[in-house]
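Asker: Dropping the structure in here first, questions after.
The values are calculated or read from the model by the stated rules, or taken from the named source; none is laboratory data. Predicted, not measured: the structure shown is a model, and the values here were computed from it. Here the Cβ positions follow ideal geometry from the backbone for every residue, glycine too, while neighbour counts run over all protein chains shown. Heavy atoms of the whole protein, side chains included, go into the accessibility calculation; ligands, DNA and RNA do not. Shrake-Rupley method; radii C 1.70, N 1.55, O 1.52, S 1.80 Å.
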Amino acid sequence: MNSESRPPLDGIFHVALNVKDVARARAFFCDVLGFRVEWQPDPDNCYLTSGKDNLALHKAPVGADLAGPGKLDHVGLIVPRDRDVDAWASFLASRGVAIEKPPRTHRDGARSCYARDPEGTLLQVIYHPPI
C-alpha cells in the first residue's frame, strides 16, 4: 500500500490495559491523572476519558502474567507544552508517585518524563511538537 492510498490516521486515542485491581487503577487514573469515568458497565471493566481519548481498564484473568512477554511497554499521555512535562513530574511526585525517568528533552524536540501506575504500567508524559 503506498502513502497516497493509505487512510488517514490521527494517532493513538484508545488504550486497553489488563489490571489486577480495576478500582485501584480507576482511582489512580481519575484522582491523580485527571481522567473521568465515561462508562463502567460492571466492576471488572471501566472506560475512562480525558475528553479526547479512551482508556479501558479490564480485570485481568486469574493467573494472568501481566509482567510477561508482550506486556505493553508504555502509554504516552500527550501534553500541550514542554513545560507541562515538568509540571506533571512535580505534581506526580507531590502525590507520592515515583518519577522513573525525570523530564528531559529528546533529540527530536519532544520532552517527556516517566512514572508507573499502581500496577507497574509505565506512563510517559510527553510533549511532542508534531502532535
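Asker: Which whole-number percent gives the relative contact order of the chain, counting Cα pairs below 8 Å spaced six or more residues apart? Don't skip to the answer; put the middle values down first.
Answerer: Details: 204 pairs, mean separation 27.7, N = 131.
Across the chain, relative contact order equals 21 percent.
Asker: Taking θ = phi - 60°, what integer Hz values does the Karplus form 6.51 cos²θ - 1.76 cosθ + 1.60 yield along the stretch 73-88, in sequence order, with x for Gly and Pro?
Answerer: Rounded to whole hertz, the list is 6, 6, 10, x, 10, 6, 10, x, 9, 4, 5, 5, 4, 5, 5, 5.
Asker: How many lysine pairs in the chain, separated by 8 or more positions in sequence or lying on different chains, have Cα atoms less than 22 Å apart?
Answerer: Lysine pair count for the chain: 4.
Asker: Under 5 Å between amide hydrogens, which residues at least 5 positions from L77 or on another chain qualify, with H placed 1.01 Å from N in the peptide plane?
Answerer: Here Q124, V125, I126 satisfy the definition.
Asker: Enter the Cα centre distance for the pair the stretch 8-60 and the stretch 91-131, rounded to the nearest angstrom.
Answerer: 18 Å
Asker: So, counting K/R as plus one and D/E as minus one, what does the shell of residues with Cβ under 15 Å around C46 add up to? Each step should come with its number before you reach the end.
Answerer: Working: positive: K20, R24, R26, R36, K59; negative: D21, D31, E38, D42, D44, D53, D117, E119.
My count for the surroundings of C46 gives -3.
Asker: Let me ask something else. Heavy atoms only, probe 1.4 angstrom, no DNA, RNA or ligands counted: give me K52, K71 ranked by accessible area, highest first.
Answerer: Putting K52, K71 in descending order of accessible area: K52, K71.
Asker: Tally Lys and Arg at +1 and Asp and Glu at -1 over the other residues with C-beta under 12 Å from the C-beta of G11: what net charge comes out?
Answerer: Details: positive: K52; negative: D10, D53.
Net charge around G11: -1.
Asker: Now a separate question. What nm value, rounded to one decimal, do you get for the distance between V32 and R81 when each label is placed 7 Å out toward the C-beta?
Answerer: So the label points at V32 and R81 sit 2.5 nm apart.
Asker: Enter the accessible area per residue of the chain (Å², integer; probe 1.4 Å; all protein chains in place). Can you show the working numbers first?
Answerer: Details: 8400 Å² over 131 residues.
Accessible area per residue, the chain: 64 Å².
Asker: Given R₀ = 35 Å, FRET efficiency for I131-D65 by Cβ-Cβ distance, to 0.05?
Answerer: My answer for the efficiency is 0.60.
Asker: What relative contact order, as a whole-number percentage, does the stretch 79-131 give when Cα pairs under 8 Å and 6 or more residues apart are counted?
Answerer: 36 percent
Asker: So how do V62, V15 rank on accessible area, 1.4 Å probe, biggest first, that is with the largest at the start?
Answerer: Correct descending sequence by accessible area is V62, V15.
Asker: What does the charge count near A110 come to, summing +1 for each Lys or Arg and -1 for each Asp or Glu among other residues with Cβ under 14 Å from its Cβ?
Answerer: +2
Asker: In terms of solvent-accessible area of protein heavy atoms at a 1.4 angstrom probe, what is the ranking of F91, F13, F28, highest value first?
Answerer: Greatest to least solvent exposure: F13, F91, F28.
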